[in-house]
Amino acid sequence: MKLAFSAADEAFRDTIQQWLGAHFVGPYAELRYRGYPGDEDAFVPQRKAWEQLLAREGWTGLSWPKHHGGQALTLEQQVLFYEEYARVGGPGRLGHIGEGLVAPTLIDLGTPYHHERYLPSILAGQALWCQGYSEPNAGSDLANIQTKAEFDPVRQRWRLTGQKVWTSLAHHSDYIFVLARTDRHSTRHQGLGFFLLDLDQPNIHIQPIKQMAGTAEFNEVFLDGAECNAADIVGEPGQGWSVAMALLGYERGVSTLGQQMQFSNEFAQLVAAAQASKRAEEPVIRQRIGRLAAQLDIMRNSALRMLSGLANHAELSRAALVFKLYWATLHRDLGELAVDVLGVDGLQVPSQDEPLSPAQRLFLFTRADTIYAGTNEIQRNIIAQRGLGMPKMR
Amino acid sequence: MHFVLTTEQQMLVQSARDYCTQYGASKIIREQMSGVGDYLRNNWDKMCQELGWQGILVPESCSGLELGIVELVLILEQIGSCLLPVPVMSTLGQYGMAIARLGDAQQQHAWLPDVAAGTTCGTLVWHPATKSEPNRWDTAVINATYCSTKTGFCLNGEYQYVLDGGQADNVVALARDVDSGELSAFVISLPCIGVDCVVQPMLDPTLNIYRMTLSEVMVPLSARLTFSSEEGIEALLLLSALYQTADQLGGIGKLLDTSVAYAQQREQFGRPISAFQAIQHKAADMLVQHETAITAVYAAACRADEYLAGAISLPRLKQAVSIAQATASEAYQHVASEAIQLHGAVGVTWEFDLHWYFKRAKISALLYGDSAYHYDYLAQTALTASDDIEGDIS
Ligand SMILES: Cc1cc2nc3c(=O)[nH]c(=O)nc-3n(C[C@H](O)[C@H](O)[C@H](O)COP(=O)(O)OP(=O)(O)OC[C@H]3O[C@@H](n4cnc5c(N)ncnc54)[C@H](O)[C@@H]3O)c2cc1C
């Protein structure tokens, strides 16, 4: 058991640092710390350009195999990249859903057609993807999906009808993957299909939803007979659920680590603010700072433990099962403390149209962390049932 | 980086688990309502013969196995899961480690082969009977004294919480030069004129601890460990705290297993209580606490090995140990109290083992600085580092 990285890995860390030092400058410098949840609408064109620069320089597709144009980096190297990227305050990754979730799913479960058609634009940082799972009546209970997919044998096209909701960044995306019912008479996990749709078509309407922080980062997506090719289904009709779950599995992998590594920057700034406001002299505030310092360290090391275990254990380890609940709750606490260390002055807004301060955004948006990607309650159900073998509830 | 157990380490854990389950404390205490001290030496002899762990930290030059802190921590975890009274922490982790770190070659050869042979039991004597700051936990509180004599040194001091002191053949006692305040470690062979050792009964009778008084104790020049230093001794205290967290970790795991098994088997309202969501969520939170503690304790163990290899600084080790100590202490207390609640009335009986763990959880959370102390230290570290933070959240 070893926590330290090898000398060779540390040398790779230097390479990353040098690259970032040389390239995360000039027009990109203003992107520092930007584009994270609560701020995802910020600098979208510039961040797209940044994604493409990363792509040109070989910093996308880190985990993908070489024959799909990826870098096939080791787990350690990927971790180091995300860690260093976060350390310099690199912006939130617009391409994450495509690169980190869609691509691995297609590589594992897709056809050569899928690979040829979709992977290159993801790798190049050109195509942005969004996730069409949730519906008005299918939230935690995702299997209650009602959106219908019908195959038109004449035109050899799938037609999808229904409504998706809470679709993050749909308004900036080029493609959406959609879970829809291929068998009208089916219920629950049966009879679903997993579809890849071009968003640029007349039968899709995207309606942004304003969030409590005032910005609109998620959307309603209306599918009014939206179409895709016969081949734009991953897996067979009826197998959509298992494809959807495989995709969620990658959410637990290394690719989301970048987002969590970024918490350390927020924490460091919060601590500096506590120092400046003198609230750091109060024992109660100090306790909360100390606790978060511990939790951030544990979060990082738990990720390493989980990732080290991935190679040997096919099934999700307990460490992996608790990870989402842990980081989401930690981040929510961090959001609370960020405004508490500033005191009531930190809650002022200069005027109604000006953007909120980072602390205010953090405070408001971290409420969502314990809701998306499985609410805290759902996480606890899963931990008890899959991790501890307790009975399923009905 | 490979932050999971190696195959050898898994085997070590398995044999430790088998052994500890067979000889756990509950049996012993129930056989005879006295302290566990009488059993200690027997357990030790048996363990040395059957398992041969006594050499794990002893350098190869002194007939030891020269394994790492990680291995010791894994063994202590299993010992903690059964509250087995056996002087592994005291003899190997404290006494043997003190001589290995602070003794010169001659001193190592004088004392360590007997540790590796399983013929000497020892311990570290440092915790003052009176502290100016009750919750403080570092070398600054050490107030026993020594002065030079013609032939050696004369020691005076009152200590408490001496682990396994009543069964020790030799002890390493920490004291300050009466004039200069310089901190040194001395090996004292027992029995010895001027050394008085009495049982210190505690709420948790499975913990085998003693008060020790040194009055005008004369030791030869060779008794002072040559490489004694403030930093070297601080490291010994940090390691002691770390061992303690491994013991806590074992208790947490045991309580989780026991509680889950009980919840699966106890029926009310016509079904196992594990079918109730309130119970599932409690159990899930217990698992989160366990996983969190595993990460924190194993990380600190890895850091300890890095420190002993000269790869990281003492403050870095202290940080890791503080995280482990605060986290495992809180986790143990949380899990112990939830375990009792989950068991209903049998949980508060003498006959069920839960109360031993409940008591151990509290004592171990207070003995090595409570979590408030460690969180404050971590906050101070974060605040000191915040001077050169860029970015403003307000
Ligand atoms: C910021 C944000 C971004 C999102 N982005 C996307 C996206 O890009 N694509 C997408 O498809 N979806 C997205 N979602 C949707 C997200 O997946 C859902 O919000 C989530 O699954 C919860 O569903 P719900 O909101 O309908 O809440 P509900 O399921 O209605 O839950 C309401 C409450 O009931 C509790 N509850 C529900 N079931 C149980 C149970 N069995 N046991 C105990 N408690 C229960 C929940 O924990 C919660 O507290 C996003 C959500 C947010 C907040």
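For region B:347-380, which residues satisfy the criterion of being open to solvent by 50 Å² or more (accessible area, probe 1.4 Å), away from chain A (no Cβ under 14 Å) and part of a helix (DSSP H, G or I)?
B:348, B:358, B:362, B:366
Consider residue B:159 against the criteria (1) without any contact (Cβ under 8 Å) to a residue 24 or more places away in the chain; (2) surrounded by 15 or more Cβ atoms within 10 Å (Cβ to Cβ): it satisfies all of them except one. Which criterion is unmet?
If we test residue B:159 against (1) without any contact (Cβ under 8 Å) to a residue 24 or more places away in the chain; (2) surrounded by 15 or more Cβ atoms within 10 Å (Cβ to Cβ), just (1) comes out false.
Against the condition open to solvent by 30 Å² or more (accessible area, probe 1.4 Å) and under 26 Å from residue B:257 (Cα atoms), how does residue A:279 come out, does it pass?
Numbers: open to solvent by 30 Å² or more (accessible area, probe 1.4 Å): yes; under 26 Å from residue B:257 (Cα atoms): no.
For residue A:279, the condition - open to solvent by 30 Å² or more (accessible area, probe 1.4 Å) and under 26 Å from residue B:257 (Cα atoms) - is not met.
Let me confirm something: among B:316, B:303, which residue is surrounded by fewer than 17 Cβ atoms within 10 Å (Cβ to Cβ) and either at positive phi or in a helix (DSSP H, G or I) (or both)?
Of B:316, B:303, the one residue that is surrounded by fewer than 17 Cβ atoms within 10 Å (Cβ to Cβ) and either at positive phi or in a helix (DSSP H, G or I) (or both) is B:316.
Go over the candidates B:239, B:256 one by one and state the one that is open to solvent by less than 10 Å² (accessible area, probe 1.4 Å), facing chain A (nearest Cβ under 10 Å) and outside any loop (DSSP other than H, G, I, E, B). Talk me through it step by step, then tell me what you get.
Values: B:239 fails: facing chain A (nearest Cβ under 10 Å).
The conditions single out B:256.
Out of region B:322-339, which residues are open to solvent by less than 30 Å² (accessible area, probe 1.4 Å) and farther than 17 Å from residue A:300 by Cβ?
Here is the first cut: in region B:322-339, the ones open to solvent by less than 30 Å² (accessible area, probe 1.4 Å) are B:322-329, B:331-332, B:335-336, B:339.
The answer is B:325, B:328, B:329, B:331, B:332, B:335, B:336, B:339.
Which residue out of A:321, A:248, A:310 is open to solvent by 20 Å² or more (accessible area, probe 1.4 Å), under 26 Å from residue A:109 (Cβ atoms) and within 14 Å of another protein chain (Cβ to nearest Cβ)?
Checking each option against the conditions leaves just A:310.
Would you mind telling me which numbered condition in (1) open to solvent by less than 20 Å² (accessible area, probe 1.4 Å); (2) part of a helix (DSSP H, G or I); (3) of a type in the set (A, V, I, L, M, F, W, C) residue A:42 fails?
Among (1) open to solvent by less than 20 Å² (accessible area, probe 1.4 Å); (2) part of a helix (DSSP H, G or I); (3) of a type in the set (A, V, I, L, M, F, W, C), the lone unmet condition for residue A:42 is (2).
Consider region A:383-394. How many of its residues are surrounded by fewer than 16 Cβ atoms within 10 Å (Cβ to Cβ) and not in a loop (DSSP other than H, G, I, E, B)?
Total meeting the criteria: 1.
Please enumerate the residues belonging to region A:187-212 that are in a loop (DSSP other than H, G, I, E, B) and either within 30 Å of residue A:335 (Cα to Cα) or open to solvent by less than 20 Å² (accessible area, probe 1.4 Å) (or both). So that I can check it myself, show each step before the final result.
First pass over region A:187-212, keeping only residues in a loop (DSSP other than H, G, I, E, B): A:187-191, A:199-203, A:210-212.
Scanning region A:187-212 gives A:191, A:199, A:210, A:211, A:212.
Can you work out which of the residues in region A:376-390 that are touching a helix residue (DSSP H, G or I) at 6+ places or on another chain (Cβ under 9 Å) and within 22 Å of residue A:166 (Cα to Cα) is farthest from the ligand (Cβ to nearest atom)? Spell out the reasoning first.
Our first condition is that a residue be touching a helix residue (DSSP H, G or I) at 6+ places or on another chain (Cβ under 9 Å); within region A:376-390, this holds for A:376-377, A:379-390.
Cutting the leftovers down to within 22 Å of residue A:166 (Cα to Cα) gives us A:376-377, A:379.
Working: A:376: 7, A:377: 3, A:379: 9 Å.
Across region A:376-390, the extreme among qualifying residues is A:379.
Quick check on my filter: what residues within region A:345-382 are open to solvent by less than 40 Å² (accessible area, probe 1.4 Å), away from every other protein chain (no Cβ under 13 Å) and of a type in the set (Gly, Ala, Ser)?
A:368
Can you pull out the residues in region B:280-319 that are among the aliphatic types (A, V, I, L, M) and either facing chain A (nearest Cβ under 8 Å) or touching a strand residue (DSSP E or B) at 6+ places or on another chain (Cβ under 6 Å) (or both)?
Within region B:280-319, B:283, B:284, B:287, B:288, B:294, B:296, B:299, B:301, B:311 meet the criteria.
List the number of the failed condition for residue B:98; all other conditions in (1) over 22 Å from residue B:247 (Cβ atoms); (2) at pLDDT 95 or above hold.
Answer for residue B:98: the failing condition is (1).
Starting from residues that are without any contact (Cβ under 8 Å) to a residue 60 or more places away in the chain and within 28 Å of the chain's Cα centre (by Cα), keep the ones in region A:176-186 and report whichever is farthest from the ligand (Cβ to nearest atom).
Residues of region A:176-186 without any contact (Cβ under 8 Å) to a residue 60 or more places away in the chain: A:176, A:178, A:181-186.
After this cut, where a residue has to be within 28 Å of the chain's Cα centre (by Cα) as well, the list is A:176, A:178, A:181-182.
On the way: A:176: 9, A:178: 9, A:181: 15, A:182: 18 Å.
If we take residues in region A:176-186 being without any contact (Cβ under 8 Å) to a residue 60 or more places away in the chain and within 28 Å of the chain's Cα centre (by Cα), then A:182 is farthest from the ligand (Cβ to nearest atom).
Tell me which of these residue A:222 doesn't satisfy, since it passes every other one: (1) open to solvent by 50 Å² or more (accessible area, probe 1.4 Å); (2) of a type in the set (Phe, Trp, Tyr); (3) within 19 Å of residue A:152 (Cα to Cα).
Exception for residue A:222: condition (3).
Is it fair to say residue A:215 is at pLDDT below 95, more than 12 Å from the ligand (Cβ to nearest atom) and either open to solvent by less than 20 Å² (accessible area, probe 1.4 Å) or of a type in the set (Val, Ile, Thr) (or both)? Please lay out each step first, then the result.
Values: at pLDDT below 95: yes; more than 12 Å from the ligand (Cβ to nearest atom): no; either open to solvent by less than 20 Å² (accessible area, probe 1.4 Å) or of a type in the set (Val, Ile, Thr) (or both): yes.
The answer is no for residue A:215.
Can residue B:12 be described as under 21 Å from the mean Cα position of the chain (by Cα) and away from chain A (no Cβ under 14 Å)?
no
Restrict the check to region B:220-231 and report whether at least one residue is open to solvent by 20 Å² or more (accessible area, probe 1.4 Å) and at pLDDT below 95.
No, there is no match, as no residue in region B:220-231 is open to solvent by 20 Å² or more (accessible area, probe 1.4 Å) and at pLDDT below 95.
When both residues are 6+ apart or on different chains and their Cβ atoms are under 9 Å apart, which pairs have a first residue that lies in region B:179-203 and is free of Cβ contacts under 8 Å to residues at least 60 places away in the same chain and open to solvent by less than 60 Å² (accessible area, probe 1.4 Å), and a second that is of a type in the set (Val, Ile, Thr) and part of a loop (DSSP other than H, G, I, E, B)?
What qualifies is B:183/B:142.
May I ask you to list pairs of residues, at least six apart or on different chains, whose Cβ atoms are under 6 Å apart, with the first in region A:64-80 being assigned by TED's automatic domain parsing to the domain that holds residue A:17 and the second being charged (D, E, K, R) and outside any loop (DSSP other than H, G, I, E, B)?
The qualifying pairs are A:72/A:66; A:76/A:9; A:80/A:13.
Which pairs turn up if I take residues in region B:324-344 that are within 17 Å of residue B:281 (Cβ to Cβ) and among the acidic types (Asp, Glu) and look for partners that are crowded, with 24+ Cβ neighbours inside 10 Å and at pLDDT 95 or above with beta carbon separation below 8 Å, at least 6 apart in sequence or on another chain?
Matching pairs, first to second residue: B:338/B:259; B:338/B:286.
The values are calculated or read from the model by the stated rules, or taken from the named source; none is laboratory data. Model, not experiment: these values are computed from the prediction. Note: ideal-geometry Cβ built from the backbone for every residue, glycine included; neighbour counts use all protein chains shown. Just so you know, the surface numbers come from the protein's heavy atoms only, side chains and all, with ligands and any DNA or RNA stripped out. Shrake-Rupley method; radii C 1.70, N 1.55, O 1.52, S 1.80 Å.
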